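Report on the structure given below.
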Number of protein chains: 2
Amino acid sequence: MTAGHTTLRSWHEVPFTKVKITDAFWRPRLDILREVTLKSCLGKCEETGRISNFAKAGGLAEGTFEGIYFNDSDVYKVLEGVAYALMLERDAALEAEADRIIELIAAAQEQDGYLCTYFTLVAPERKWTDMEKHEMYNGGHLIEAAVAYYEATGKRRLLDVACRLADHYDRNFGPGKRHWVEGHEEIELALIKLYRTTGEARYWKLACWLLEERGHGHGVGEIWNKPEWGPAYCQDDVPVREIQEVTGHAVRAMYLYAAMADAVHVSGDPAYAAALHRVWSHTVERNMYVTGGIGPSHHNEGFTHDYDLPNETAYCETCAAIAMVFWNHRMNLLFGEGKFADVVEREMYNGALAGLSLSGDRFFYVNPLASQGDHHRVPWFDTSCCPTNLARFLPSIGQYAYARTEGGFAVNQYVQGEADLALENGTGVKLKQRTSYPWSGTVELEVSPETSGAFRIQLRVPEWCRGYRVQAGGEWLSGEDAPVERGYLSIERAWSAGDTILLELDMPVEIVRARQEVQANEGRIALQRGPVVYCIEQCDHAGLHYDEMTFSARERLLVEHRQDLLGGVTALRGKDGRGDPCRFVPYYAWDNREPGYMQVWIRECEDKPLYNY
Amino acid sequence: MTAGHTTLRSWHEVPFTKVKITDAFWRPRLDILREVTLKSCLGKCEETGRISNFAKAGGLAEGTFEGIYFNDSDVYKVLEGVAYALMLERDAALEAEADRIIELIAAAQEQDGYLCTYFTLVAPERKWTDMEKHEMYNGGHLIEAAVAYYEATGKRRLLDVACRLADHYDRNFGPGKRHWVEGHEEIELALIKLYRTTGEARYWKLACWLLEERGHGHGVGEIWNKPEWGPAYCQDDVPVREIQEVTGHAVRAMYLYAAMADAVHVSGDPAYAAALHRVWSHTVERNMYVTGGIGPSHHNEGFTHDYDLPNETAYCETCAAIAMVFWNHRMNLLFGEGKFADVVEREMYNGALAGLSLSGDRFFYVNPLASQGDHHRVPWFDTSCCPTNLARFLPSIGQYAYARTEGGFAVNQYVQGEADLALENGTGVKLKQRTSYPWSGTVELEVSPETSGAFRIQLRVPEWCRGYRVQAGGEWLSGEDAPVERGYLSIERAWSAGDTILLELDMPVEIVRARQEVQANEGRIALQRGPVVYCIEQCDHAGLHYDEMTFSARERLLVEHRQDLLGGVTALRGKDGRGDPCRFVPYYAWDNREPGYMQVWIRECEDKPLYNY
């Protein structure tokens, strides 16, 4: 079937539990995530009353609600991260702590299934009166955590809570029942997850109904009445199948599109597919930073007008970058097209990753592309969606690496490790990946099917890579042997245990220039090597003031891998426009040394090209 | 001392006799040169009466002068090539043939030393009446051949002829004697060569006087009176030290600048150095094609106005590309700056090399960057300067690889082989170079000084290379250990026999866009990988008409090395704007298969970049 211009492929995901990561880039981050980030987030949830809110709502503790009405979601998101961490590695103490919190959550659930500690404790009479008060948003994160924890441990306790909550929604909302336009999307994709885990069709139907509720004037709440925000803020301005352009709050929009992609996966609705393609182009081609950051404005934490991409004041919420991964991964599974995995990669190595300190316990909420030196990661926020999103994003990163396709499997992301894949016919395939990605473009694969047979292996040729070579079985392949379609090169042949593929992706330093429509970057260049976007930091440039550096696009750069720098990075060293030494470091790693200014887009030296081209 | 803005470095050349080439790119070309090209050129010189003109002038044969008045020079240039070939490999038959021709030349010399068979045979009364009749141009090539043959064989016969001719010039021209503005420069650099071989200072003084003669209204001859040509055609419009811009006939201009560079080497004159820098910028930055070709116009075989770089009608004489090598190599030795060696490289792999068929016996005089299919190499021309220039350029190509510097040596060009270098203090250094250049940017060097000691090795980081890494002794070097200055990275340390350097130059496929001033290339892109510029040929694109192809700068390209294609090339394969397979091949190798169209600059697909940059 076709949806708009693109054929639905419906690739199948390979869960991260089938993907063992052994590389020098992600492996240490996963360790830090488990040992530092999760514990730090749990501690902060405790410290700030987020956990005790459940105890209070459940009558297990005294006191009033602390914090903001969406704080329950942070606890759920950390639990989801804990579940993923447990899937990667058992940890009895961590599991016991999760079980303890789950009991408090269960206690906080009301008799009818309702669960939102703010309303239970503060304003039970105002339940379901303002659609922007995150009641279903909180619920969505509960459901995601419950599914994850069930899959990690087999324990149904939280899943049962989630089902009771979803049933509560289903009883009250839906065709012939009450209207509801959830002010912060999230519940939709959660309900589809719950459907996939439980097999209960009413959950995906409710999700689809919630999607269809938008854009018909059903929205009620403070935010809808504020002229400077209004329905577009939460994507309630047009029915979803009529969406033309990305609008409003960035995280909300991305969660909506992710759910729509899930809905296409379930329903195959071509109008949804067409809307997704439209809004993807509009988002990625006109409203995304080179880092993958989206949503330039602090005012609405979201979108403004096309090509409005200021650097210093960029909002670029960490959650929005992570949500871009959620959406684009789903798009890639749906349509089997490398451009979606390209965006996943851009976020993985830039926009999303920048949110976390190398130490694992400090976070950015806002990710500007330039700073005069006053922007630093902190351990926590009053609104702490970003730390808790990182807590669940990172441990599950392995899920983006592979997909099962119609005729074999696809390698979407290059990460060293081992994977247990399965073909459509059930044949298992062990895949070993050996690479120093993202610092090198050389990838060695060892393919070992249980039984020899013909199938197709697709390898993404990233958007940043212009030239590549590929070997199979030690022989260089021609264009006929390894055709590239939709961003993937395909090798279709009979494979036996131990067969090898060698992919060499040219990974030069690229000079990036903004489209002329992007006023902020006029006369500026940025550096990117492979998927990694670079920046300059003050501590490498003594005596040079903020925005004073100029740089020539023709400068030769030493590509210097330094294990002792920023946790092991490939830095770029050359000379600036004055002839002074300069150093570029990965954007994701900025603000991990002495505080100071940072810039991604550097003034280009007076343009004096050597040649007539 | 400083000359203008640039310090004179005065590097010393490493003659090609010290450089053994063993690679897969140049070695087969050198073999073909010796076995095919030289013999073919000698045969054509015989066949067309160029050699018998000498016999006739010397009274050893009957008959009238055949051909054009500058035809003597072709014989001299082939002899120069023969001499270089003999330096690389003894060949008794070839040497005997050269000796035979040299006797005819000697016979043709008049009693007073005059030698130019056209005037001797046709119009002795018109000697020295029209400065554009190539009398000294012919003489210059005689001198170059004589110096080469003397160095190759130790035989003085031709050198004595050359000295008598130079003495004849010196008796008749110079301060207080007759004025002379040679209409086609060449004699000046030849006289400086002769000075270097004989030690006779009067030769370089005469060369410098001849340079100074220009631009003072002394020019006499037909060409000076033609308004559409005039003195600028032969660079007689301004005194050489006042040159601002490149003008006139391209080969003439390049030979002049080469001689001026030689003069700076002898005299250190800062006004000359400044003029050379000015005219270099003007030539290279505004009047050179991406192939290194210069001189767009058929009318004057030379320059028109800045950025006038039409593709189909490009003249780009092969000799002009070779002359650019002569000039730029001298500039590099003088100023020790990589940008000059970059131009040498651009010509070596593109503009100059395109002049010769892979078979070695067919030649381009004119090198357009686009052809509708009617332009093909031929075995010979009435004016055959280009074949005979290739005959002397190719065997001496090893001379461009290295230079002795103040503190060690420089590697200017990456060519696999072995070299016998010497440091300033006389210590010999054996250098082994291992590389698949120009198809790969990886270069391994083994450095073996006779006695261990500290010196500096400089490696050119080519203009096309943005990122590089370098190891010495198995250790990756930092920016401090291997600083880059003036296009060269320097490694200064104690070296012992067998020490190694590994240089890795990123060699991606580059999308080249012309400056907007170049109207011919508006909306077009070209592909370059390393030093090699690519083109498309009709025989790879059945069904696609001339100039019909569009290509996206974002297309992924398979970098496919094919030993069975065009003598072994790395081709680039992808899809054109229609989605049809397309192939790019090195420009230098075009017109070696079925005849058809060719294009370097391809229409860029509708610009629809994926991202906002």
Residue satisfying condition, being in contact with a helix residue (DSSP H, G or I) (Cβ under 8 Å, 6 or more places away or on another chain), more than 15 Å from A:Ile105 (Cβ to Cβ) and assigned to a helix (DSSP H, G or I), within set A:Tyr149, A:Tyr195: A:Tyr195
Test: residue in region B:119-127 that is out of contact with any Lys or Arg (no Cβ under 9 Å at 6 or more places or on another chain), surrounded by 17 or more Cβ atoms within 10 Å (Cβ to Cβ) and not basic (Lys, Arg): no
Criterion (over 23 Å from the mean Cα position of the chain (by Cα) and either surrounded by 18 or more Cβ atoms within 10 Å (Cβ to Cβ) or not assigned by TED's automatic domain parsing to the domain that holds B:Ala146 (or both)) met by exactly one of B:Arg252, B:Arg214: B:Arg214
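Yes/no per residue for (1) on the phi > 0 side of the Ramachandran plot; (2) surrounded by fewer than 17 Cβ atoms within 10 Å (Cβ to Cβ); (3) more than 19 Å from the chain's Cα centre (by Cα):
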residue: A:Leu33; (1), (2), (3): no, no, no
residue: A:Val36; (1), (2), (3): no, yes, yes
residue: A:Asp72; (1), (2), (3): no, no, yes
residue: A:Tyr84; (1), (2), (3): no, no, no
residue: A:Asp91; (1), (2), (3): no, yes, yes
residue: A:Glu95; (1), (2), (3): no, no, yes
residue: A:Ala106; (1), (2), (3): no, yes, yes
residue: A:Gln109; (1), (2), (3): no, no, yes
Filter result (away from chain B (no Cβ under 14 Å) and either among the polar types (S, T, N, Q) or outside any loop (DSSP other than H, G, I, E, B) (or both)) within region A:345-360: A:Met348, A:Tyr349, A:Leu353, A:Ala354, A:Gly355, A:Leu356, A:Ser357, A:Ser359
Conditions (1) within 14 Å of chain A (Cβ to nearest Cβ); (2) more than 24 Å from B:Arg486 (Cα to Cα); (3) crowded, with 23+ Cβ neighbours inside 10 Å; (4) among the polar types (S, T, N, Q); number of the one not met by B:Asn328: (2)
Within region A:475-532, considering residues that are surrounded by fewer than 16 Cβ atoms within 10 Å (Cβ to Cβ) and polar (S, T, N, Q), the one nearest to the other protein chains (Cβ to nearest Cβ): A:Ser478
Segments classed as strands (runs of 3 or more DSSP E), wholly inside region B:424-474, with at least 2 members that are under 28 Å from the mean Cα position of the chain (by Cα) and within 14 Å of chain A (Cβ to nearest Cβ): B:453-460, B:467-472
Residue, farthest from A:Asp236 (Cα to Cα), within region A:170-192, restricted to residues that are part of a helix (DSSP H, G or I) and of a type in the set (Asp, Glu): A:Asp170
Near pairs, Cβ below 9 angstrom, 6+ apart or cross-chain, from region A:115-132 (assigned by TED's automatic domain parsing to the domain that holds A:Ala55) to any residue that is of a type in the set (Val, Ile, Thr) and at pLDDT below 95: A:Asp130/A:Ile223; A:Met131/A:Ile223; A:Glu132/A:Ile223
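Criterion first (crowded, with 18+ Cβ neighbours inside 10 Å and over 26 Å from B:Asp361 (Cβ atoms)) does B:Gly543 satisfy it?
Criteria not met by B:Gly543.
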Counted residues, region B:217-246 - those being surrounded by fewer than 24 Cβ atoms within 10 Å (Cβ to Cβ) and either of a type in the set (Asp, Glu) or assigned to a loop (DSSP other than H, G, I, E, B) (or both): 16
Residues of region A:277-311 that turn out to be away from chain B (no Cβ under 11 Å), touching a residue at least 60 places away in the same chain (Cβ under 8 Å) and either of a type in the set (Val, Ile, Thr) or in a loop (DSSP other than H, G, I, E, B) (or both), as a count: 5
Positions within region B:474-528 being over 23 Å from A:Tyr468 (Cα atoms) and of a type in the set (S, T, N, Q), in sequence order: B:Ser478, B:Ser490, B:Ser496, B:Thr500, B:Gln516, B:Gln519, B:Asn521
Top-ranked residue of region B:538-595 - restricted to ones that are assigned to a loop (DSSP other than H, G, I, E, B) and among the hydroxyl-bearing types (Ser, Thr, Tyr), ranked as nearest to B:Leu369 (Cα to Cα): B:Tyr546
Residue in region B:508-521 that is part of a loop (DSSP other than H, G, I, E, B) and in contact with a strand residue (DSSP E or B) (Cβ under 6 Å, 6 or more places away or on another chain) present: yes
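Out of A:Arg593, A:Arg562, I need the residue that is facing chain B (nearest Cβ under 10 Å) and of a type in the set (D, E, K, R). Which one? Before you say what the answer is, go through the steps one by one.
Working: A:Arg593 fails: facing chain B (nearest Cβ under 10 Å).
Step by step, each of A:Arg593, A:Arg562 is checked, and only A:Arg562 is facing chain B (nearest Cβ under 10 Å) and of a type in the set (D, E, K, R).
The values are calculated or read from the model by the stated rules, or taken from the named source; none is laboratory data. The structure presented is a predicted model; accordingly, all values stated were derived computationally and were not measured. Counting neighbours? That spans all protein chains shown, and the Cβs are built from the backbone with ideal geometry, glycine included.
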